[in-house]
Amino acid sequence: MKKINGDFFNKSIVSVDQFSKADIEILFELAAEYKKGISNGMVFNDLNGKILTALFYEPSSRTIGSFLGAMQRLGGGIIPIHGILNTSVVKGEILTDTINIFQSYSDVIAIRHPEAGAAEIAAKAAYIPVINAGDGTGEHPTQGLLDLFTILEKLQRTNNLKVAIVGDLKYGRTAHSLSKLISIYPKNTLYFISPPQSPMPDEVVKIVKKNGAVVKTAKSIEEVLKTIDVLYMTRVQKERMEEEVYEKMKNSFILTGKMARAMKKDSLIMHPLPRVGEITMDVDSNPRAMYLKHQMRNGMFIRMALLRLVLKK
């Protein structure tokens, strides 16, 4: 896909590989403006008359909710397609036909699809911008961007970080996107902690190393708990594996309240959600916990900024 190179207008957003540090700065500056404005009760009409189709083939709550909320906060309209049972997909309609139909009704499409690479196929078929809202085991660029935005907001830096990414790293698309984003900033170290059945894919590791980040592995959270700046927990992707494999992997890594209290005072605990037992509920009240409030709310502001940038010069 095309690099952004400072100009988001009419470009599809398929991968974080499209972003430079300068592009991220543009996006984050606008997201921060929207966050401040909404907090102060401002009403925006930046996308009045524009329509978003949210084409979600897979279940979603936060991502679809924040995309729809973002578009409406900007004065735009929405066509929410959540699940395929009531669409022509059940009749055998192919993805490119579906894209061609909905681009006739809208100005931008946010797509979630169970197959890696589907967002790029959709983008190539469309004459309007397509935003990847998660494609199978591939990427989840807007989640990675909201995670990075939260890190910058809370730690006031994106460099000289020690970040542990924990869980099902083979299938976890959020982990792929965030790892690549973290790696483009200097002096960052990434610790990949996963079950042996589900390591970070080689292609992601190669990109991260090429970008200049230090890559390390650990067998447990406890090995890095007291030194890291960010602990990024993820769930095991049950829907992408056989039941017996899932049973072996589930509950491999669990963060408890006691463990969280042992972390550095200014460190962050993050999770893209939903959680399925990998963070106990007594962690929620820990001031380091970002997942239930800060990450989720920041998702709307990042998506507001992205929609504005791809739809208007």
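The values are calculated or read from the model by the stated rules, or taken from the named source; none is laboratory data. Predicted, not measured: the structure shown is a model, and the values here were computed from it. Positions of Cβ are backbone-derived with ideal geometry, glycine not excepted, and every protein chain shown enters the neighbour counts.
Assorted remarks:
- Any hit, the stretch 150-173, residues being polar (S, T, N, Q) and either in contact (Cβ under 8 Å) with a residue 40 or more places away in the chain or in contact with a Leu (Cβ under 7 Å, 6 or more places away or on another chain) (or both): yes
- Every residue from the stretch 273-284 that is in contact with a Gly (Cβ under 8 Å, 6 or more places away or on another chain), part of a loop (DSSP other than H, G, I, E, B) and at pLDDT 95 or above: Thr280
- Here is the figure for the stretch 4-53: residues that are small (Gly, Ala, Ser) and under 23 Å from Ile207 (Cβ atoms) total 5.
- Only one of the numbered conditions (1) loosely packed, with under 15 Cβ neighbours inside 10 Å; (2) in a loop (DSSP other than H, G, I, E, B); (3) β-branched (Val, Ile, Thr) is not met by Thr96, and that is (2).
- Test for Asp107: is it assigned by TED's automatic domain parsing to the domain that holds Val130, acidic (Asp, Glu) and in contact (Cβ under 8 Å) with a residue 60 or more places away in the chain: yes
- Failed condition for Ile81, given (1) over 23 Å from the mean Cα position of the chain (by Cα); (2) more than 18 Å from Tyr127 (Cα to Cα); (3) not in a helix (DSSP H, G or I): (1)
- Cβ-Cβ distances below 6 Å connect the following pairs, each with a first residue in the stretch 220-231 that is within 16 Å of Ser194 (Cα to Cα), a second residue that is small (Gly, Ala, Ser), and a separation of six or more residues or different chains: Val224/Ala164; Val224/Ala218; Leu225/Ala262; Leu231/Ala164.
- Remark: Ala119 falls outside the filter, which requires a residue to be more than 19 Å from Ser15 (Cα to Cα), touching a residue at least 40 places away in the same chain (Cβ under 8 Å) and in a helix (DSSP H, G or I).
- Among the residues making up the stretch 187-216, those that are loosely packed, with under 13 Cβ neighbours inside 10 Å and not in a helix (DSSP H, G or I) are Lys187, Pro196, Gly212.
- For the stretch 131-149, the tally of residues that are in contact with a Leu (Cβ under 9 Å, 6 or more places away or on another chain) and β-branched (Val, Ile, Thr) stands at 2.
- Which numbered condition Leu68 misses (of (1) of a type in the set (A, V, I, L, M); (2) in a helix (DSSP H, G or I); (3) at pLDDT below 95): (3)
- A single entry from Met259, Met300 fulfils the requirement of being touching a Ser or Thr at 6+ places or on another chain (Cβ under 8 Å), surrounded by 14 or more Cβ atoms within 10 Å (Cβ to Cβ) and at pLDDT 95 or above: Met300.
- All positions within the stretch 293-302 that are out of contact with any Lys or Arg (no Cβ under 6 Å at 6 or more places or on another chain) and farther than 10 Å from Leu27 by Cβ: Lys293, His294, Gln295, Arg297, Asn298, Gly299, Met300
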